[in-house]
Amino acid sequence: MAVGIAIVKLIGALYKIPLGNILDDEGFGHFNNAYVIYNLLLMVSTAGLPVALSKSISEASTLGRRNQVHRIFNVALVTFFVLGTISFAVMFALAQPLADLQGDGAAVQAVRAIAPACFFVCVLSTFRGYAQGHGNMVPTAVSQIIEALGKLTIGLALAWLLVRAGASSADAAAGAIFGVTCGAGICLIYLIVDHIHRRRSEPGRPTDVPEAPGTIFKRLLVIAVPITLCSSVTPITSWLDTAQVQNILRDVMNAQPAQWYEAQKLLDPTVVDPVVAAYGAYQKAITIYNLPSSFMVAITASVIPAISACRAKRDFQGAGRIAESSMRVGMLLALPAGIGLSVLASPVMHFVYRSDTDYTIADPSMMILGIASIFVCVMLVCSSVLQASGFVNLPIVIMVAGCAAKLIVNNFMVRHVGAVGAAVGTLVCYVIVAVLELLLIKRVIPSPPEYTRVFAKPMVAAGVMGMAVWAAYGLVSRFMGNTLSTMAAICVGVVVYAVLVVALKAISREDLSLMPKGDKIARLLRL
């Protein structure tokens, strides 16, 4: 699963970065507006039920009750089919009101293009939950990669063809996001074929008597509803954030409704909706900002079972050591990435995105979001430590507080500094969440990590690296263009940081054991 998620994250980056270059700022804004709506409806529909399904199937399978397993699967399949149909119908039929609510009525075609994906993903979640309930993570991981590859190839191809054909930014965005629908459809076909194959290989005929469908359905809801409520915090906040930012921008910029600009394009194709374009430029920075957090996948996947195992043996000191190691490794990865993105904000954005990007929004947003990405990584590792220690709901409560702060800060900052103010809101949100979770870990966990050992050496190494990167870019850019200067500065940063980490002994063999191939890395570094 960890490997699959890491690959999916990488494919996602390979999808959105070139997509931002194929589409202009306005088209990228339409794309993201539709995706936020899709993500919200999808999370509400599928956040809790797959977990409830896998848990129920695991319990029945352990007891050898195969008829019960099949009955649970059938009940879940019907439930997901209904939820998927409702989500699709809501998104397709109410596409215009949903797009208007976002402040981007011109995104209506993109919303409709991704609506079928709600149905596909709901149904395929049943097959993923069934496989996971049997302890088989391969179908989920493979299907996620298939889904991401389908989105990458079909979405980029459609976007490129539509832009070349002279389609409007709204239609090009719809083509790009239709790749998500196609990827989900292909993924569903794979999972159905895999499920049929595995069912045929099951031995014998089971004899157990399954429970009534109504009883199974109620049990699934009891497990799923709390998980859905907790998991919906982030997509709901993203949806509110997107709507809030664009509606405030439309007010302070005295801009017309999005449909007005679409109508004007029939007369003059060069007309651009300034609000959606500004939001699209900001989202280009968000795409890069999301990359450092993908480094945390392997760590969070390792932390929960390792700490849980220690707590099961009542080895609280061992659990504390693992928590400290995981946080230190997280900082060793997050700090250089975040500081590097902040120091090289403008060079990176010019390197990654073509010249029609509004750099007056993208560059300062990236500078702020680079620092925010560090606190996101802190939050992800801390949440894993808390969840593994039995405090499942506390991170959600803290996240709600951080999201509320973000919306409040947005309301003030966006009115005064435009779209860049949304980046400030994001930074404030994750600073609050990360600091509160660090304080909570110190208070509620036996043998908590020593934060001086976690942060001191990585911060020194990353700080010196940041100065070296800044100096290297400034020096090389006098003689070379932005592309070579940026690459040279990054190379200098990697070398300086690696040397400092080893020289300061900022990492130990125990720390590396949490990472894939950690033992080999430790031998290479002679730790």
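The values are calculated or read from the model by the stated rules, or taken from the named source; none is laboratory data. Note that this is a predicted model, so its numbers are computed, not measured. Heads up, the Cβs are rebuilt from the backbone with ideal geometry, glycines too, and the neighbour counts pull from every protein chain shown. For the accessible areas, the whole protein counts, side chains as well, though only heavy atoms, and no ligand, DNA or RNA atoms are used. Shrake-Rupley method; radii C 1.70, N 1.55, O 1.52, S 1.80 Å.
Set the Förster radius R0 to 35 Å, insert the Cβ-Cβ distance between residue 199 and residue 439 as r into 1/(1 + (r/R0)^6), and round the FRET efficiency to 0.05. Here the calculated transfer efficiency is 0.10. The range 13-34 and the range 176-196 have Cα centres spaced 22 Å apart. Once C-alpha pairs closer than 8 Å and six or more residues apart are averaged by separation and normalised to the residue number of the range 72-164, the relative contact order reads 28 percent. Only protein heavy atoms count here; on that basis, with a 1.4 Å probe, residue 134 has an accessible area of about 80 Å². Each label point was placed 7 Å from the Cα along the Cα-to-Cβ direction; for residue 14 and residue 240 their separation is 3.7 nm. Modelled spin labels at residue 313 and residue 450, positioned 7 Å past Cα toward Cβ, are 2.2 nm from each other.
Could you sort 324, 211 by their accessible area in this structure, using a 1.4 Å probe and putting the largest first?
Values: 324 20, 211 55 Å².
The ranking, largest first, comes out as 211, 324.
Working note: Karplus 6.51/-1.76/1.60 with θ = phi - 60° gives the range 331-344 the couplings 5, 4, 8, 6, 4, x, 5, x, 5, x, 5, 6, 5, 9 Hz, where Gly and Pro are set to x.
Rounded to the nearest 0.05, what FRET efficiency do residue 253 and residue 487 have when you use their Cβ-Cβ distance and R0 = 41 Å? Present the calculation step by step, with values, prior to reporting the outcome.
Working: r = 37 Å, r/R0 = 0.89.
That gives a FRET efficiency of 0.65.
The relative contact order of the chain comes to 17 percent, based on Cα pairs under 8 Å that sit 6 or more residues apart. Between the labelled values (1) 23.0, 71; (2) 31.6, 118; (3) 24.0, 78, the entry that holds Rg and Dmax of the Cα atoms in Å as derived from this structure is (3). Per-residue SASA remark: residue 505, around 150 Å² accessible (1.4 Å probe; ligands, DNA and RNA not included).
In the range 105-185, carbon and sulfur make up what percent of the accessible area (probe 1.4 Å)? Can you show the working numbers first?
On the way: 1730 of 2540 Å².
The nonpolar share, carbon plus sulfur, comes to 68 percent.
Between residue 450 and any residue 5 or more places off or on another chain, the built amide H atoms are never under 5 Å apart. Evaluating 6.51 cos²θ - 1.76 cosθ + 1.60 at θ = phi - 60° for every residue in the range 114-129, the Karplus couplings come out as 9, 4, x, 4, 4, 5, 4, 5, 4, 5, 5, 4, 5, 5, 5, x Hz, glycine and proline recorded as x. Per-residue 3J(HN,Hα) values for the range 451-462, derived from phi via the Karplus relation 6.51 cos²θ - 1.76 cosθ + 1.60 with θ = phi - 60°, read 5, 4, 5, 6, 9, 4, 5, x, 5, 4, 4, 5 Hz in sequence order (x marks Gly and Pro).
Which value, in nm² and rounded to one decimal, describes the direction-averaged projected area of the C-alpha convex hull of the range 262-356?
Details: hull surface 36.6 nm².
For the range 262-356, averaging the hull's shadow over all directions gives 9.2 nm².
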